[in-house]
Structure formats: structure tokens, C-alpha cells
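Structure, as C-alpha cells:
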Amino acid sequence: MAMSPEEIEGFIKEGLPDAHITITDLRGDGEHYAAHIVSASFIGKSRVQQHQMVYQALQGRMGNELHALAIQTSIPE
């Protein structure tokens with residue numbers, strides 16, 4: 001079963017409470033999403049570490065309930 005944008009945002013927000021998150025359904029099919037996540041938690045972390053933090057927040061759902069998620073991370077300006 002696919003995840004809704006609200007569910008994706010909820011899991012990320014749970015793992016990164018300060019995050020500002022924008023979820024976009026890339027194909028309108030409820031299975032291919034893009035997420036732009038801005039969080040102070042990313043300060044001092046490499047891009048790989050930032051993405052790992054997002055994957056950790058998703059609690060193993062990436063590749064299972066969540067088929068495809070393009071992740072873009074950044075720190076607040």
C-alpha cells in the first residue's frame with residue numbers, strides 16, 4: 001500500500017521535529033514523490049548523512065510502502 005504525502009511528512013517530522021517539509025507527487029500516481037526538507041539538524045552534516053537522517057525518520061518504509069522518494073535537503077538560511 002502506498003503512503004500519502006501526509007504520512008511521509010508525519011514520519012519525517014517525527015524524526016526531525018524542526019523540519020520544514022514540502023512533498024510533491026511527481027507523477028500524480030501516489031507512488032513517486034519528491035521531498036524538500038529544511039532542518040537545522042542538517043548543519044555540519046554531509047549530504048549523505050542528511051539523507052540517512054531522512055531514511056532513518058522513515059523507519060524502514062523506503063522501498064516498501066514508499067516506492068520512490070527523491071530527497072533534497074538543506075539548512076535554514
**Study point:** Solvent-accessible area per residue for the chain (1.4 angstrom probe, square angstrom)
**Key:** 60 Å²
Review point. Which value does Rg/Rh take for the chain over its C-alpha atoms, Rh per Kirkwood?
Key: 0.94
Study note, to complete from the structure: Under the helix-only model (-39500 (n - 2.57) for each DSSP H run of 4 or more, divided by the residues of the chain), the mean residue ellipticity at 222 nm, to 500 deg cm²/dmol, is -8500 deg cm²/dmol
Study note, to complete from the structure: Computed over the chain, the relative contact order (Cα-Cα under 8 Å, seq sep at least six) in percent reads 37 percent
Study note, to complete from the structure: Heavy-atom accessible area of the chain with neighbours in place, 1.4 angstrom probe: carbon+sulfur share in percent works out to 51 percent
Review point. Between Ala68 and residues 5 or more places away or on another chain, which pairs have amide H atoms under 5 Å apart, with H built 1.01 Å from N, and which residues are they?
Key: Tyr33
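The values are calculated or read from the model by the stated rules, or taken from the named source; none is laboratory data. These numbers come from a predicted model, not from an experiment. Remember, those area values only see protein heavy atoms, side chains included, never the ligands or the DNA or RNA. Shrake-Rupley method; radii C 1.70, N 1.55, O 1.52, S 1.80 Å.
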